Amino acid sequence: MKNKRYILQLLFTLTIFSLSLLLAILYCNYQHVFTVKHIEVSGQNELDEKEVIHISGIRRGSEMFSLDLSSAMERLIAEPYVHNAFISRQFPDVIRIHIIERRPMVLIDLRETYALDAFATVLPLPRRTPTETLPVIKGIDPDLAMQTGISTQHPDILHVIHFVNYIRGFGDEIAAYCNHISWSEEKGWIIRPGVEYPHIYLGNEDLEKRIDILHAFVKEMNENSIDMRRYRYISLRYNGQVIVRDKL
């Protein structure tokens with residue numbers, strides 16, 4: 001008898017609690033307590049806050065509980081400049097969106113000009129990153145098909161991305177030698193800091209070793225106050241040698 005009375009009391013308590021909770025939720029919905037009033041965005045650079053919110057599909061005034069955050073994240077990740085996205089609710093009325101953007105590292109000049117990140121992901125031209133600060137790759141087949149948001153598997157492009165990543169490890173002075181990059185079927189990869197500097201012929205093999213040699217050569221030239229612009233070209237293609245030709 002006591003057990004039956006206890007069970008009835010427990011059921012009554014649970015019923016009252018459930019009704020109270022339901023009424024509280026209905027009241028909050030009526031008062032628009034759990035609706036999106038604020039959307040906070042972080043991590044953006046190329047994209048602005050309004051673009052991120054628009055791409056996510058989340059709207060102010062939406063019901064917090066009815067939002068499909070997974071679909072919103074998928075929409076953001078489909079944007080070429082977004083590497084990853086995270087969305088969370090902060091009750092009662094805030095949505096937080098954090099994105100990790102891809103960073104343009106080089107430009108590639110084909111029929112159109114694209115940007116590439118450190119993983120050879122094809123990107124539209126950046127709007128906020130100054131394009132004049134990015135190295136430019138030329139000489140690749142201009143009819144090469146490129147799809148934004150997708151990492152190209154073209155071996156020549158992967159090759160150049162790899163050695164640009166490598167040369168950046170030496171600091172700005174040496175990295176500047178990759179400001180202009182071109183491919184030649186005859187001479188392989190050719191780099192130079194600017195039009196007034198000599199072409200530096202790297203060939204197409206052992207590029208990291210040749211960048212090491214270039215680094216040592218530039219350091220020696222600087223220590224001896226020799227202006228690199230005196231040379232017509234510098235070739236690093238032959239057995240670790242540095243072959244230079246003075247301007248006439």
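The values are calculated or read from the model by the stated rules, or taken from the named source; none is laboratory data. Here the structure is a predicted model, which is why all the values come from computation and not from measurement. Reconstructed Cβ throughout: ideal geometry from the backbone, glycine too, with neighbour counts over all protein chains shown.
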The listed residue being farther than 21 Å from Ile157 by Cα, part of a loop (DSSP other than H, G, I, E, B) and either among the hydrophobic types (A, V, I, L, M, F, W, C) or touching a residue at least 12 places away in the same chain (Cβ under 8 Å) (or both), out of Val195, Val244
Val195
By residue number, the members of segment 111-165 that are among the acidic types (Asp, Glu) and either in a loop (DSSP other than H, G, I, E, B) or not assigned by TED's automatic domain parsing to the domain that holds Lys209 (or both) are Glu112, Asp117, Asp141, Asp143
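Is it the case that segment 185-192 has a residue that's within 20 Å of the chain's Cα centre (by Cα), assigned by TED's automatic domain parsing to the domain that holds Asp117, within 19 Å of Thr133 (Cα to Cα) and buried (at least 16 other Cβ atoms within 10 Å of the Cβ)? Please lay out each step first, then the result.
Taking segment 185-192 and keeping what is within 20 Å of the chain's Cα centre (by Cα), we get none.
No; the residues of segment 185-192 include none that is within 20 Å of the chain's Cα centre (by Cα), assigned by TED's automatic domain parsing to the domain that holds Asp117, within 19 Å of Thr133 (Cα to Cα) and buried (at least 16 other Cβ atoms within 10 Å of the Cβ).
Within segment 171-209, track down each residue that is polar (S, T, N, Q) and more than 17 Å from Gly240 (Cα to Cα). So that I can check it myself, show each step before the final result.
From segment 171-209, those polar (S, T, N, Q) are 179, 182, 184, 204; that's our starting set.
Asn179, Ser182, Ser184 - these are the residues of segment 171-209 that are polar (S, T, N, Q) and more than 17 Å from Gly240 (Cα to Cα).
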Of everything in segment 42-52 that's surrounded by fewer than 19 Cβ atoms within 10 Å (Cβ to Cβ) and not polar (S, T, N, Q), which residue is nearest to Gln147 (Cα to Cα)?
Glu51
Tally of residues being crowded, with 19+ Cβ neighbours inside 10 Å and assigned to a helix (DSSP H, G or I) across segment 198-215
4
Which numbered condition in (1) at positive phi; (2) exposed (fewer than 13 other Cβ atoms within 10 Å of the Cβ) is the only one that Gln147 fails?
(1)
Considering every residue within segment 37-49, establish whether at least one is within 15 Å of the chain's Cα centre (by Cα), in a helix (DSSP H, G or I) and closer than 20 Å to Ala115 by Cα.
no
So is Asn29 modelled with pLDDT under 95, exposed (fewer than 10 other Cβ atoms within 10 Å of the Cβ) and farther than 30 Å from Arg128 by Cβ or not?
no
